1. Let me know the volume per residue of the alpha-carbon convex hull for region 40-168, in Å³.
2. Ranked by Cβ crowding within 10 angstrom, fewest neighbours first, how are 123, 155, 130 ordered?
3. Mind putting a number on the dipole of region 40-168 about its Cα centre? Charges go on the C-beta only, +1 for Lys and Arg and -1 for Asp and Glu, and I need it in Debye to the nearest 20.
4. Please compute the length gained on full extension between residue 135 and residue 116, using 0.36 nm multiplied by the number of residues separating them and subtracting their Cα-Cα distance.
5. Using the count of nearby Cβ atoms within 10 Å as a rough guide to exposure, how do 154, 106 rank from fewest to most?
6. Relative contact order for region 40-168 using alpha-carbon pairs under 8 Å, separation at least 6, rounded to a whole percent?
Amino acid sequence: MSSKTVIYTPLSGGLLMVFSCLGLLLLTGCANVIPPCNAKTSPPSSELRNTKWELTRWNLPPNSNGEVRTRQIPQGEASNPIQITFDENAQRLSGFTGCNRFTAQLDEDSRGFTISKIASTKMACTPQRMELENDFLYELNDYRSIVRNGDQLLMIGTDREVLSFNQRPTK
């Protein structure tokens, strides 16, 4: 009969506990940026077919101290929020920026879908609203990944900005 010796040192258990706690703190501190474990990254566009989403939070890239800041999202003309809608064929995306309407094409491959050929109306708005609209359309065009967690949709840009949308009923 052979015996097996297992050596357990308080240091190794302590280090494991320290690293576990640090990881938990990092995830908790970025809870509004990091998607939950059960979220689906790069869902096929068919899963978003005939859905409507409202922009509810805009996280800016972390500053030099690693702090995540949020951008104010004012309501648009007639108190209409920024919204996106995926069509019933999952081939187009359209929406409202709070001032202008836009449309875009969805192209899908094995890695997920991309948004291309964004076009918008050109109504005049306040300078602040135009800046927000231009930034939103830029982020929409420049996102790196998309994550869906139930009725929440996150679009994460290459610059680490995160657009958070909540699902709304389609009419």
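1. Numbers: hull volume 13.6 nm³, N = 129.
With only Cα atoms used, region 40-168 gives 106 Å³ per residue.
2. On the way: 123 13, 155 21, 130 16.
The fewest-first ordering by Cβ neighbours comes to 123, 130, 155.
3. On the way: 16 positive and 17 negative charges, 28 e Å.
So the magnitude is around 140 debye.
4. Working: separation 19, 0.36 × 19 = 6.84 nm, distance 1.59 nm.
Full-extension gain reported as 5.3 nm.
5. Values: 154 22, 106 18.
Fewest to most other Cβ atoms nearby, the residues stand as 106, 154.
6. Working: 267 pairs, mean separation 37.3, N = 129.
Relative contact order comes out at 29 percent.
Here, each number is a calculation from the coordinates, and none is a lab measurement. All values reported here derive from a predicted model rather than from experimental measurement. Note that each Cβ is placed from the backbone with ideal geometry, even for glycine, and that neighbours are counted across all protein chains shown.
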